[in-house]
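Down below is the structure, laid out as structure tokens.
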Amino acid sequence: MSAKLGMDRLSIGCVAPPGGSMVNKTGAWRSTRPVFKHDKCIGCRACEMVCPEGCVFGDPKKKHFDFDPDYCKGCGMCANECPVDDIDMIREAK
Amino acid sequence: MGRQAILEGAMAVAHAVARCRPEVIAAYPITPQTHISEELSTIVADGELDAEFVKVESEFGAASVVLGASAAGARAYTATSSQGLMLMAEVLWNMAGMRLPVVLACANRSVSAPLSIWCDHQDAESIRDCGVIQLYAEDAQEACDQHVIAFRVAEDRRVLLPVMVNLDGFLLTHVFEPVELPDQELTDAFLGKYEALYKLDVDNPMSFGCFTEPDKCMEGRWMIHDAALRSLGVIEEVSRDFARIFGRSAGGLLEEYKSKDAETVLVAKGSICGTIKDVVDELREKGQKAGLVRVKTFRPFPRQALLAALKGAKHIAVVEKGGSFGSGGIMTPEIKDALYDAGLRIPVSGFCVQLGGREVPTDGIREIIDRATKGEQVAYEYFRLRKEILPDLVPSK
């Protein structure tokens, strides 16, 4: 897929083929990040379902979820919705 | 000379647009534009034009439909006025940025509040910075012909920007004038078929006006500026071609009316220029060297052409049907800007007239010319403001 066409160089009208959202790594906008503690997870998939970026993924059978830092904006919805409080939000700043 | 008919301005425009064969039309009724879209819907319903007429719930919807249609590769058209144009504003910025050659008409009308349905230019001028090319007609014939020119300029690969044809609400939309509609065969040959540079296609999907990080957005904006500036030459070229093929002049950047040797030159756009020309003629008969430079293309601003047309003047008065609250005129400072860069210190006055349809009779134009000729210079004046009807401007309790 020529996802880079219209991305590295602009086109007239800033037209681009699909895939631009994959190329633009928007995770840099984040000021807080989720920490998946992998402690009390019950595999309910709430974190995966509510993520507006679709960047939380994992395996409910293994009760193990994590996030993709390339796209996570740090909104904290996963942490807020987790019924067993197994996700913390921490500041990105060092 | 072809066949002339006595037509209402808006209806003449509708028939001229139909001869440009737009494939998608979407519009929402608003006075004084309504007759354009109403007549177009009739033309489509009668099977005289093979187009999709999309009924929408608002001007935001109308603009969005023609944006989408244009992105899908169709020649698309809409028309509006005043508040309708305000509602379209966001979409117009997108059209320009996505470089979609939509053509629209603005039947110029005052923007609320106070509520007024009559003509001034504040609706169109308030979206002057969005990248949409703006042409202004003096009469119904020119409004028709500028639409034909508009489609060709918009679709030119050197431009690819929306073009808005402005015609004064009521003063042009609702008057009956002799009009020669653009001949169908000539129009077909003049415009050809629209071939989009990129188009929405399920087999080859594309996103338009994509997200840009700060490292690219500025270049995306610059391309709009660059295309708008380049369109100055294209407008002149297409207008010359129109005059050659149709045998009458319509487009171009400016009209210089008895201004070449004039000492006092007025600058204006739209239908008021008819009145100004009458006064210029009258003063010329008395030996007074007055003239008019009529702005036909307001965006992009024809800076060099204006400079060339105005550099010999002793006094300049800009007759504006609008302005920027808290600043002043719209064209007045832009003309001063062009003169300043050329090292010219010709006195320029700005007169705000005809807001909300206030009539300016010939004696008003004479007064403006007289005051400018006497050397009076005003930055921006609400001409003949009726101070006697104003309330206490800083109300005490």
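What follows is calculated from the coordinates using simple rules that are stated; it is not laboratory data. As the structure is a computational prediction, the values presented were derived from the model and not from experiment. Note that each Cβ is placed from the backbone with ideal geometry, even for glycine, and that neighbours are counted across all protein chains shown.
Quick notes on this one:
- You can think of it this way: the chain between B:ASP278 and B:VAL394 has 37.6 nm of extra reach, that is 0.36 nm per residue less the Cα-Cα gap.
- Under the span-like rule (Cα at least 24 Å along the axis, Kyte-Doolittle mean at least -1.0), DSSP H helices of chain B: B:214-246
- Between B:ALA89, B:ALA308, B:ALA12, the GNM of chain B built on Cα springs shorter than 10 angstrom shows B:ALA308 fluctuating the most.
- nm² value of the averaged projected area, convex hull over the Cα atoms of the protein assembly as shown: 32.3 nm²
- For chain B, built as a Gaussian network whose Cα springs stay under 10 Å, the top-fluctuating residue of B:LEU200, B:LEU172, B:LEU191: B:LEU200
- Choice from B:PRO22, B:PRO114, B:PRO333 with maximal GNM fluctuation in chain B (Cα, 10 Å cutoff): B:PRO114
- Binned Cα-Cα distance frequencies in the range B:254-387 - 5 Å width, integer %: 2, 11, 23, 26, 22, 11, 4, 1
- For chain B, Kirkwood radius (reciprocal of mean inverse C-alpha pair distance, Å): 21.6 Å
- For the range B:8-101, the percent of C-alpha pairs falling in each 5 Å distance bin, counted from 0 to the bin holding the largest distance, reads 3, 16, 26, 25, 20, 8, 1, 0.
- For the protein assembly as shown, calculated [θ]222 nm from helices alone, where every DSSP H run of n ≥ 4 adds -39500 (n - 2.57): -10500 deg cm²/dmol
- Label-point separation, B:LEU197 to B:ARG244 (7 Å along Cα→Cβ), nm: 2.5 nm
- The range A:25-91, Rg to Rh (Cα coordinates; Rh as Kirkwood inverse mean 1/r): 0.93
- Relative frequency of Cα-Cα separations exceeding 19 Å in the range B:273-351, percent: 39 percent
- Inter-probe distance in nm under a simple model that places probes 7 Å from Cα toward Cβ, at A:LYS62 and B:ALA5: 7.5 nm
- Cross-link pairs exceeding 26 Å between alpha carbons, from the set B:LYS199/B:LYS296; B:LYS269/B:LYS311; B:LYS277/B:LYS387; A:LYS25/B:LYS216; A:LYS73/B:LYS199; B:LYS260/B:LYS387: B:LYS199/B:LYS296; B:LYS277/B:LYS387; A:LYS73/B:LYS199; B:LYS260/B:LYS387.
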